[in-house]
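**Q** Before we start, here is the structure in question, set down as structure tokens.
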Amino acid sequence: MTLPLDSRETVRFLAEEGYKYGFVTEIEAESAPPGLGEETVRFISGKKGEPSWLLEWRLSALAAWRQMTPPNWAKLRLAPIDYQAISYYSAPKQKTAPQSLDEVDPELLRTYEKLGIPLKEREVLAGVAVDAVFDSVSVATTFKEELAKLGIIFCSIGEAVREHPDLVRRYLGSVVPQGDNFFAALNSAVFSDGTFAYIPPGVRCPLELSTYFRINAAKTGQFERTLIVADKGAAVSYLEGCTAPQRDENQLHAAVVELVAEEDAAIKYSTVQNWYPGDAEGKGGIYNFVTKRGHCRGARSKISWTQVETGSAITWKYPSCILEGDRSIGEFYSVAITNNCQQADTGTKMIHIGKETRSTILAKGISAGRGQNTYRGLVRVLPRAEGARNHTRCDSLLIGDRCGAHTVPYIETRNPSARVEHEATTGKISEDQLFYCRQRGLGEEDALSLIVNGFCKEVLKELPMEFAVEAQKLLAVSLEGSVG
Amino acid sequence: MGLPLLAVEDLHASLADGREILRGINLRVHEGEVHAIMGPNGSGKSTLAAVLAGREGYRVEAGRVFYRGRDLLSMAPEERAAEGLFLAFQYPVEIPGVNNMVFLRAALNAQRRRHGESEIDAGEFLRAVKKKLALLDMDEALLHRALNAGFSGGEKKRNEILQMAILEPRLAVLDEVDSGLDIDALKAVAKGVESLRAPDRAIVLITHYERLLEQLAPDHVHVLNAGRIVESGGRELAAELERHGYAFLGEGT
């Protein structure tokens, strides 16, 4: 069969084929008591039936973590987190699941409606206990078989450890080592599960990959781990996240994403993050501390990050590229919105090691309400990076007069032939712009949405088409109530 | 003559800082008419346009405005627009990243939705726009650029008239649509406006100069000074102003 490009269509198409496989209940669920020590790590590793090398790997991460302190250089205000009060392994809770959409918070449903989320997906996203979960499992399995014909491996990290231990062992931690930073070390010690993808030499993945399609994204773990490898000449586009707001019991999230691009390989990684941002007063909300890094290992390889960050109370995230292969390319396209009391400190690092490496950074920050938005980026050119080039542009848009936008660029070049350019602008949505739109007949919120989407256009066009349309609506929903 | 399309009665308005700009405006505009409002800088011409369109930052102290029999001042700006009130801006606003044509279509559809009509078909819309472009001697490339961003003065003014042509208002208030234009651009704008004269549409031209009026032949000319209409007459009044300036208005200029 041929694989259509629109993944949502694929879901429908495959879903219609019906279930080929039953639902296998995992080992009876248990939760670990709160606290983090060697016992916890052994418990998690044991639950997952991991080989001893991985247990050792986790334990060395724990040892590193114990020597570390949380970073405090970001422009974020938050109370200290008690890491011993958190439970690091918990089974999925089912007894509290609503039985139908009638039992779901109407506010949440109203948002789904605005985002145009298909009905079936709404149930899954809202955590309704329905057969749709079975659907997604079976769909994902069918999908995987199609990919397998091309030699593409796409499965959970847990499964990859069992089925493809050599690949995992070779690449896990090779981009973000266990002791890289406080949150990466924590993740390495206790990661629950995540995604593994391997694209063999010369293969262009014909579909946008996403974690079990986006349906299962609602089940994202607290300490997720993603590893994507594009072998020589391979190409893949991966989508993470979901435009729908996600409810999550876990306040602290610390994910790690590692990308490896070998010679002539290309990886495009797109994220839409819309976790619970807390209420208008800043109560609740997810703390999102993520380490994302790509390694352009081979010559002429390319890694491109695109992110639309609208959720979470705290976002601490710097998707980066290590440009080691000669003439390799790194890109970072970002839209970050902070409304109400949200805080985001996000940006990228572009490390130029190889000759004639190029990087592009385009960051758009939007602050509304009392939101604080910081772009923090590093461009480093090492001595061997003859002819390296970087272009950075950071634009900030302010809505109202109680929010803040900050730009913190670090530039270090140790090769005189390098060309590094940095531009930054800060603007305000003016009354004039809003009035102009309203005079032509657009309502206030439509006007705001139009202006903001115009501001973000260059980033949104980097998203896969289907995502881009949803992202536009998401921007509008995220800024509701910020004018008037 | 029937009910006026627009009836302004003893309108007083001031800025947020309390300065009174409009001091008792009376004006009646009927369908099919073209009115010109002239007057020196600071006489309140643009304030009148802004208050009619519902711009924030002005306080109406007294008076009433009826538009198509409704209390205009109680309506939101977008509601006024949907009811057919169009303001051509003296300084059209730049909105980066928003495609000119996408904006115009969004505006048209927003108005249609308010009337319970379906959205316009993309092909139909494009054909309508192209027809109007020729009329205004406008470059098609402008359609695909960001709204007013980097447009020349003449391009901005033509774009305002293009929007008017597509939105088909009942009452168009053109605020200094002739300012800053060279003679060719002025002719193109005047030709565009002239083509939009219609029996069921009224046009209010706000201008400093007579040259636009030579081409558009208004039915009524009003002279605004210090927040009041001090003279009203036919076309000959504009010519007189051109000859003598505003000096004859005496004190207050």
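All of the numbers you see were taken from the coordinates with simple rules; none came from a lab. Predicted, not measured: the structure shown is a model, and the values here were computed from it. Positions of Cβ are backbone-derived with ideal geometry, glycine not excepted, and every protein chain shown enters the neighbour counts.
**Q** Along its principal axes, what span do the Cα atoms of the protein assembly as shown show, with the longest given first and each in whole Å?
**A** 99, 64, 53
**Q** Per DSSP helix of 4 or more residues, -39500 (n - 2.57); summed, then divided by the residues of the protein assembly as shown. What does that give at 222 nm, rounded to the nearest 500?
**A** About -9000 deg cm²/dmol.
**Q** May I ask you to order A:32-39, A:319-326 by the average number of other C-beta atoms within 10 Å around their residues, highest value first?
**A** In descending order of packing, they fall as A:319-326, A:32-39.
**Q** Does anyone have the angle between helix B:100-114 and the longest principal axis of chain B? Alpha-carbon axes, 0 to 90°, nearest 10?
**A** 80
**Q** Something else about it: Only bridges with both residues in the protein assembly as shown count here: give the DSSP antiparallel percent, nearest 5.
**A** 20
**Q** For B:81-89, what's the mean count of beta carbons from other chains sitting within 10 Å of each residue's beta carbon?
**A** 3
**Q** How large is ³J(HN,Hα), in whole Hz, for each residue of the range A:312-325 in order, when computed from phi with the Karplus curve 6.51 cos²θ - 1.76 cosθ + 1.60 and θ = phi - 60°, using x for Gly and Pro?
**A** 6, 6, 10, 10, 10, 7, 9, x, 10, 10, 9, 9, 8, x
**Q** Please give the average number of partner chain Cβ atoms lying within 10 Å of the Cβ of each residue in B:71-79, rounded to a whole number.
**A** Counting other chains' Cβ atoms within 10 Å and averaging over B:71-79 gives 3.
**Q** Oh, and also: Measure nothing fancy, just the Cα-based angle from helix B:235-244's long axis to the longest principal axis of chain B, in degrees from 0 to 90, nearest 10.
**A** It is inclined by approximately 70 degrees.
**Q** Please determine, in degrees from 0 to 90 and to the nearest 10, the orientation of helix B:122-136 with respect to the longest principal axis defined by the Cα atoms of chain B, where the helix direction is its Cα long axis.
**A** 50
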